[in-house]
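Shown next, in structure tokens, is the structure this report addresses.
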Amino acid sequence: MLLLYHPEGKAERVDLCACLEPQLTALISGQEHLAEPCEQMTPAATVYTASCRTCGGPYDKPWRRIRP
Ligand SMILES: [Zn+2]
């Protein structure tokens, strides 16, 4: 579980992705990129947040972009 704080002061409860096989996308420079879980933090994962298409939740573990 994660709390997102909005500028107007209210907090929203968000459930982190806990899928066994997350289907990840990351919004990078305004474009959606496919991503996959990986063992080590990647530069993109430190800057951008991936979210899961299956459950809609944010993914807080290491991920990397899938190169097309
Ligand atoms: Zn998920």
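The values are calculated or read from the model by the stated rules, or taken from the named source; none is laboratory data. For clarity, every value in this text was computed on a predicted model and none was experimentally measured. Note that we place each Cβ from the backbone using ideal geometry, even for glycine, and neighbour counts take in every protein chain shown. Please note that ligands, DNA and RNA were not included when accessible areas were found on the heavy atoms of the full protein model with its side chains. Shrake-Rupley method; radii C 1.70, N 1.55, O 1.52, S 1.80 Å.
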> Among the residues of the range 11-22, is any outside any loop (DSSP other than H, G, I, E, B), open to solvent by 80 Å² or more (accessible area, probe 1.4 Å), at pLDDT below 95 and among the hydrophobic types (A, V, I, L, M, F, W, C)?
Replying inline: no
>> Condition first: over 25 Å from Glu12 (Cα atoms) and within 16 Å of the ligand (Cβ to nearest atom). Now tell me which residues in the range 22-34 satisfy that.
In response: Leu34
>> Please go through the range 38-68 and give me each residue that is within 13 Å of the ligand (Cβ to nearest atom) and buried (at least 17 other Cβ atoms within 10 Å of the Cβ), ordered by number.
In response: Ala50, Ser51, Cys52, Gly57, Tyr59, Trp63
> Pairs, please: C-beta under 7 Å, at least 6 apart or cross-chain, first residue within 10 Å of Cys19 (Cβ to Cβ) and in the range 37-56, second open to solvent by 30 Å² or more (accessible area, probe 1.4 Å) and near the ligand (Cβ under 8 Å from one of its atoms)?
Replying inline: Cys52/Cys19; Cys52/Gln23; Arg53/Gln23; Thr54/Cys19; Thr54/Gln23; Cys55/Cys19
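Matching residues to (1) small (Gly, Ala, Ser); (2) in a strand (DSSP E or B); (3) touching an Asp or Glu at 6+ places or on another chain (Cβ under 7 Å); (4) closer than 19 Å to Leu3 by Cα:
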{"position": "Leu27", "(1), (2), (3), (4)": "no, yes, no, no"}
{"position": "Glu32", "(1), (2), (3), (4)": "no, yes, no, no"}
{"position": "Ala35", "(1), (2), (3), (4)": "yes, yes, no, no"}
{"position": "Met41", "(1), (2), (3), (4)": "no, no, no, no"}
{"position": "Gly56", "(1), (2), (3), (4)": "yes, no, no, yes"}
{"position": "Arg67", "(1), (2), (3), (4)": "no, no, no, no"}
